[in-house]
Amino acid sequence: MGTKASYADNSVKISSSRMSFWLVAIFGMLMLGAGIYFFGRLHPYDNLLLGFGMIFTAGGLFFFMSSEYHKIIIDRSQGSISILESSNRAIVPLKIPINYYSLISIQENLSGGPSERLSVSFDISLVNRFGSSLSLANFSNRDRAYDFGKRLQDITGLDLAAESFIKEVKDAGFRGVPIPVENRAGFKKMDNANLTTLIWKSNYSILQYLLMAAILYGFFHIFNFVLLSEIGSSGMNAVLYALFGFICAVFLIIMAFNMLGRFYLLVSPDGLEYYSKIFGRKIGERKMARGDVAFIKNTINMTTEGIAVISRQGVGLINRLLKAAREGDESPMKFFSMADEILSLKDEMLVLNTSSLSISEKLLIEEEILKKMK
């Protein structure tokens, strides 16, 4: 999704665009219409158009409904950051004091993997004194990123730092801000002595499940009316049906977890514990000791990224990878030699799946972590 920014003397307005999802859906509708028009007259292309038309139409609408629109207004005269978040669930306003943050960071960010060339993009984030950052925007172009950062500095009065590496930030004591969060069935916070338990679930609607089913049927349509009709009666039929059966099983598991599963985050002075739970069974349990917590990356851009809690060892590993990229050797072989380190990075991060949560709920989770970790 794209990010648009407009500037005034004392303010900047950052807004998102979800047009790409609509374009995908419209493209799918055109394919679907062409498939209907040529149905029975252009085999097998008519069924191919119908299948892909369903996939693109339902996929575009599904991701549109799963995404969020944000309008962020940073106003120096009011000393505040106002965020309007709109999704298919609700419209949620939030206001944060500018002085809650102490720094504007232009942070180099790696994308890619050990089997492909790594590329560098630039995250523009607000960083507070307690080691957490709130990502506002991302640019692939260095000049655009720096121009945005300097304009933001003029408006907020905060220091601007162009950082090639992630820095661990330390501060004595934590002083948070009130985060208004409404109680709802999909998000709960429970305090018990020194332990805070946060529980949340995915918030897909019935329509989103129907769209997921439509995507699944689109694949089935291609399997059944294109591939199988071209192959004819052979042993490949059983293989294709088995493959489609596997896809259906994965779909049903995902649907069951989204309907019945929960995410748990336990925060105590000893550290963090994070896991999923369904039918009383823990899945993917991860822990991080208090002394290992070095950096928290939240996001208020137009993505559905989770909150990433990075360990001290993880920060060091990311910085080594950034250093390798800055030295100019971004070839696949260079990073293939670092494959073990890249793969071990996931063990040094807790990535909380907060895609179904509002900005207020994400910030509340961040504050609960900071209260006990700092």
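The table below lists the values:
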item	result
Rough spin-label spacing in nm, given labels placed 7 Å along Cα→Cβ, for Asp147 and Lys371	4.3
Equivalent ellipsoid semi-axes, region 191-258, via Cα gyration tensor eigenvalues times 5, rooted, Å	40, 14, 5
Label-to-label distance, nm, for residues given as Ala214 and Leu243 (7 Å Cα→Cβ offset)	2.5
Modelled FRET efficiency - R0 25 Å, Ile199 with Arg290, Cβ distances, 0.05 increments	0.75
FRET efficiency, 1/(1 + (r/R0)^6) with R0 22 Å, evaluated for Ile253 and Ser355 via beta carbons	0.80
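Since every read-out is calculated from the coordinates, none of them should be taken as a lab result. Remember, it's a predicted structure, so these values are computed and weren't measured experimentally. Here Cβ is always computed from backbone atoms with ideal geometry, including for glycine, and neighbour counts include all displayed protein chains.
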